[in-house]
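Beneath this line is the structure, given in structure tokens, with notes to follow.
Every read-out reported here was derived from the displayed coordinates using simple, explicitly stated rules and does not represent laboratory data. Here the structure is a predicted model, which means the values were calculated and not measured. FYI the Cβ positions are ideal-geometry reconstructions off the backbone, even for glycines, and counts take in every protein chain you see.
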Amino acid sequence: MSRQSNRTTDSKKMNAELFTLTYGALVTQLCKDYENDEEVNKQLDKMGYNIGVRLIEDFLARSSVGRCQDFRETADVIAKVAFKMYLGITPSVTNWSPAGDEFSLILESNPLVDFVELPDNHSSLVYSNLLCGVLRGALEMVQMAVDVKFSQDTLRGDNVTEIRMKFIKRMEENLPAGDEVHSRICVPC
Amino acid sequence: MADDVLFEFLHMEMVYHIYKDQASRGEMDKDRATCVSTLEGMGFRVGQGLIERFTKDSPSFKDDLDVMKFICKDFWINVFRKQIDNLRTNHQGTYVLQDNKFALLTQFSNGKQYLEEAPKYLAYSCGLVRGALSNLGMDCVVTAEVSLMPSCKFQVVIQKI
């Protein structure tokens with residue numbers, strides 16, 4: 001019986017390792033395919049974006065959070081609900097800019113970088129850049145244009161991993177021209 | 001910890017990227033075969049790593065059949081959240097693992113729609129199995145076939161030296 005329960009907790013952990021190892025294989029493959037780190041970073045961001053635009057639907061379906069009233073609420077939802085749900089960590093939200101449009105997510109640990117070391121010839125590789133794309137893509141689907149980047153990275157010698165998120169603008173919902181009247185009736189608050 | 005969904009999304013995006021990349025480089029004659037082997041190669045390395053983590057505390061296996069049973073039960077549960085539904089063998093080094101509801105195909109279709117797209121999404125998993133078996137001392141060739149989604153069969157042929 002105890003062996004059984006060991007297995008279920010193990011399988012959650014193993015699933016995480018499957019994701020981590022797969023991500024590692026992907027980054028390795030990208031480094032082989034592209035000559036420079038900048039290009040790899042861009043590809044990771046693009047892939048993350050594609051994942052993010054789909055992940056947001058999964059997130060909204062599972063978490064049933066309502067529409068956020070402001071950027072601060074968005075930050076809390078990202079850190080306390082989304083990160084917890086998908087990566088099992090809860091980053092802290094700090095370093096708000098005076099205008100309230102920029103903040104940092106501090107990750108004490110980053111599950112993507114388990115078992116990872118950056119070799120010297122890849123010093124400008126942002127290994128976890130997929131995360132930036134995911135956040136950007138997901139928020140774009142809820143009408144927020146944001147700029148996301150890593151400002152600190154444990155793989156590059158910093159103590160913590162820090163993601164800096166900046167709100168750019170609220171996006172208009174893109175509807176085909178004929179639907180404008182329809183949208184005025186149906187768009188939720 | 002990490003949600004299963006994350007792996008599925010990442011896998012989807014990986015397949016899309018590898019194929020798009022090959023297409024954009026314009027090397028028409030390489031296309032599908034290279035993509036499949038790239039994905040399979042990635043799966044191979046990950047499978048090797050995963051099996052090391054899974055089995056580091058367990059006793060060694062009695063024989064090939066024991067290894068295959070482990071793959072069908074514990075390995076499959078850990079990676080694809082269910083067991084293999086049917087294992088067949090000719091007792092001469094060939095095994096067929098049948099999964100009636102393969103985790104990476106359930107979102108595609110429930111029949112024959114998109115059948116021609118399925119192999120792309122199986123290459124990585126074949127590599128996973130081949131890598132796992134390789135680190136357990138069994139060199140083999142793993143192929144997959146789908147005739148009716150989401151059910152698929154993985155064929156493992158052990159290479160004799």
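In this simple spin-label model, placing a label point 7 Å from the Cα along the Cα-to-Cβ direction at both A:Asn159 and B:Asp4 gives a separation of 4.0 nm.
Under 11 Å from a label point set 7 Å out along the Cα-to-Cβ vector of B:Asn90, no amide N atom of the stretch B:123-146 is found. Here the dipole of the stretch A:2-184 is about 700 debye; that uses its Cα centre as origin and unit charges on the Cβ of Lys and Arg (positive) and Asp and Glu (negative). Calculated on the Cα set of the stretch A:2-184, radius of gyration then Dmax: 18.0, 62 Å. Here the protein assembly as shown yields Rg over Rh of 1.00, to two decimals, using C-alpha coordinates and the Kirkwood radius.
Residues in the stretch A:58-64 carry Karplus couplings, in order, of 4, 4, 5, 5, 7, 9, 6 Hz; the curve used is 6.51 cos²θ - 1.76 cosθ + 1.60 with θ = phi - 60°, and Gly or Pro positions show x. Karplus-based coupling profile of the stretch B:145-156, in residue order and whole Hz: 9, 10, 10, 8, 6, x, 8, 8, 10, 9, 10, 10, with θ = phi - 60° in 6.51 cos²θ - 1.76 cosθ + 1.60 and x standing for Gly or Pro. Annotation for the stretch B:113-146: chymotrypsin sites (Phe, Trp or Tyr not before Pro) lying in DSSP loop with at most 14 further Cβ atoms inside 10 Å of their Cβ are B:Tyr114.
Which log10 I(q)/I(0) values, to two decimals, does the stretch A:64-167 give at q = 0.17 Å⁻¹ under the Debye formula with one point per Cα? With no solvent term, the Cα-only Debye profile gives -0.79. A:Asp153 sits among other residues whose Cβ lies under 12 Å from its own Cβ, and their net charge, with Lys and Arg +1 and Asp and Glu -1, is +1. With a 10 Å cut-off around each Cβ of B:11-18, the average count of Cβ atoms from other chains is 5. Going from the residue with the fewest nearby Cβ atoms within 10 Å to the one with the most, B:His11, B:His17, B:His91, A:His122 rank B:His91, A:His122, B:His17, B:His11.
Label sites at A:Lys42 and A:Glu140, each approximated as a point 7 angstrom past Cα along Cα to Cβ, lie 1.5 nm apart.
Taking 0.36 nm per residue of sequence separation and subtracting the Cα-Cα distance, how much length would be gained by fully extending the chain between A:Val77 and A:Ala99, in nm to one decimal?
Extending this stretch completely gives an extra 6.0 nm.
Spin-label model, B:Glu117/B:Lys69: points 7 Å from Cα along the beta carbon direction are separated by 3.9 nm. Running Debye on the stretch B:4-158 with equal point scatterers at the Cα sites and no solvent, what base-10 log of I(q)/I(0) appears at q = 0.14, 0.17 Å⁻¹? Debye curve over Cα of the stretch B:4-158, log10 I(q)/I(0) at q = 0.14, 0.17 Å⁻¹: -0.69, -1.01.
A protection proxy built from the mean count of other Cβ atoms within 10 Å ranks the segments B:37-50, A:91-104, B:61-74, most packed first, as B:37-50, B:61-74, A:91-104.
Which of the trypsin sites (Lys or Arg not before Pro) found in the stretch A:72-170 are loop residues per DSSP with 10 or fewer other Cβ atoms within 10 Å of their Cβ?
none
Estimated from the Cβ-Cβ distance and a Förster radius of 41 angstrom, the FRET efficiency linking A:Arg62 and B:Asp57 is about 0.80.
Neighbours of A:Ile106 by Cβ distance under 11 Å: Lys/Arg scored +1, Asp/Glu scored -1, total -2.
Volume per residue, Å³, of the convex hull around the alpha-carbon atoms of the stretch B:74-116? Please list the in-between numbers first.
Numbers: hull volume 4.4 nm³, N = 43.
Expressed per residue, the convex hull around the Cα atoms of the stretch B:74-116 is 102 Å³.
Using the Cβ-Cβ distance between B:Leu148 and B:Ser24 with R0 set to 41 Å, the FRET efficiency from 1/(1 + (r/R0)^6) comes to roughly 0.80.
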